[in-house]
Structures are given as C-alpha cells and as structure tokens.
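Some notes on the structure that comes next.
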Amino acid sequence: MKSYMARSEDFDKKWFLIDGEGKTVGRLATRIANILRGKDKPQYTPHADIGDFVIVVNAEKLHFTGDKWNQKTYYRHTNHPGGIKETKASDLLETKPHEIIEKAVWGMLPKNKWQKKLITRLKVYAGNEHPHGPQQPETLEV
C-alpha cells in the first residue's frame, strides 16, 4: 500500500474574498493563515505548497476584543542606534489599516522559507474595492 504525497503542481490556486467588516483580527488572521498554507484541504502535506490566495476588503472596519485599540503596540526598528519606533493600534488603523491584518497573519505563518512566499498571496485593501475581479474570487464567510 502506497502513501499519498501531495505535490504543489497538482493543485490549482483558488482565490478567496473575505469581507473584514466587524471581524475580530486574531480569529480572521488564523483562518487566513490556514488558507494560505493549505491546511483547510484534506490533501494537506507540510512540505507541499497547496495553499490559495486570499483577498481581504474593508480592513479599516476590523475589530479587536477588549481595549486593544489603545493597549496594543506595534514596534519597528530603523536599524540605527536608538531607532525603535512604536505605534498604537488605533494610530495604525488611521494611517495604514491593511498592516494590522498583514502583521497578524505574518505572525501566524511558519518561521521558515515559506513565510515570505505565503504572505505574498495575501492581498489586503482598506476599502470595499479590489483590482482582482478577473481572478473571480469565491466569497468566503468567516
């Protein structure tokens, strides 16, 4: 009896559209990370790239539980001495709302060579419009 091993070239990549309006950031990011990796498919194999593309619209209408809009802090470094910068989640929502969900999904992807490749399949837009109409994305309810 032979074991089944999925191969990346045996699968077509699907496109999924998710409306982020009123969704909790962490729960949405978990679902997106699983779709990007292909863990929602019965043929999932850790070494094979069988994940799909995800489009998230209405990123400015995401929701955090509790008082995380004021408590959660995002850090970045300029690579200069004393160059650490911090931004509150509420400030990031006003300036770059797409980065909130991108950073959450980035943290949930595996920390290996797949991480950069998988995150390129995530497309996040602040408003309701997206340029991926020709791909005919399936609407996914989360």
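Yes/no matrix, rows are residues, columns are (1) within 12 Å of the chain's Cα centre (by Cα); (2) farther than 17 Å from Leu109 by Cα; (3) at pLDDT below 95; (4) not in a helix (DSSP H, G or I):
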{"residue": "Glu9", "(1), (2), (3), (4)": "no, yes, yes, no"}
{"residue": "Glu21", "(1), (2), (3), (4)": "no, yes, no, yes"}
{"residue": "Ile32", "(1), (2), (3), (4)": "yes, no, no, no"}
{"residue": "Gly82", "(1), (2), (3), (4)": "no, yes, no, yes"}
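Give the residue, chosen from Gly66, Gly51, that is part of a loop (DSSP other than H, G, I, E, B), among the small types (Gly, Ala, Ser) and under 20 Å from Glu21 (Cβ atoms).
Just one listed residue meets the conditions, Gly66.
Go through region 37-76 and report how many residues are more than 23 Å from Val124 (Cα to Cα) and touching a strand residue (DSSP E or B) at 6+ places or on another chain (Cβ under 7 Å).
The number of residues fulfilling the criteria is 0.
Just checking, which of Thr45, Thr78, Thr95 is over 18 Å from the mean Cα position of the chain (by Cα) and under 30 Å from Ser3 (Cα atoms)? Step through it out loud before you land on a result.
Details: Thr78 fails: under 30 Å from Ser3 (Cα atoms); Thr95 fails: under 30 Å from Ser3 (Cα atoms).
Only one candidate qualifies: Thr45.
Of all residues in region 19-33, which are more than 17 Å from Thr120 (Cβ to Cβ) and either hydroxyl-bearing (Ser, Thr, Tyr) or surrounded by 12 or more Cβ atoms within 10 Å (Cβ to Cβ) (or both)?
Asp19, Gly20, Glu21, Lys23, Thr24, Val25, Gly26, Arg27, Leu28, Thr30, Arg31
Could you check, for region 117-125, whether at least one of its residues is out of contact with any Leu (no Cβ under 8 Å at 6 or more places or on another chain), of a type in the set (A, V, I, L, M, F, W, C) and assigned by TED's automatic domain parsing to the domain that holds Val57? It would help to see each step written out before you state the result.
We begin by selecting, within region 117-125, every residue out of contact with any Leu (no Cβ under 8 Å at 6 or more places or on another chain); these are 117, 120, 123-125.
Next cut, of a type in the set (A, V, I, L, M, F, W, C) only: 124.
Now restrict to residues that are assigned by TED's automatic domain parsing to the domain that holds Val57: 124.
Yes.
Working carefully through the options Pro42, Pro131, find the one that is part of a loop (DSSP other than H, G, I, E, B), modelled with pLDDT of 95 or more and over 12 Å from Ile18 (Cβ atoms).
Pro131
Would you check if Lys2 is within 15 Å of the chain's Cα centre (by Cα), loosely packed, with under 15 Cβ neighbours inside 10 Å and either outside the structural domain of Leu122 (by TED's automatic domain parsing) or free of Cβ contacts under 8 Å to residues at least 24 places away in the same chain (or both)?
no
Can you tell me which residues in region 113-128 are surrounded by 10 or more Cβ atoms within 10 Å (Cβ to Cβ) and either in a strand (DSSP E or B) or of a type in the set (D, E, K, R) (or both)?
Passing the criteria: Lys116, Lys117, Arg121, Leu122, Lys123, Val124.
Does Trp106 fit the bill of being part of a helix (DSSP H, G or I) and over 17 Å from the mean Cα position of the chain (by Cα)?
no
What number of residues in region 34-50 are in contact with a helix residue (DSSP H, G or I) (Cβ under 7 Å, 6 or more places away or on another chain) and closer than 17 Å to Ala104 by Cβ?
2
The values are calculated or read from the model by the stated rules, or taken from the named source; none is laboratory data. Since the model is a prediction, treat every value here as computed from it, not as a measurement. Counting neighbours? That spans all protein chains shown, and the Cβs are built from the backbone with ideal geometry, glycine included.
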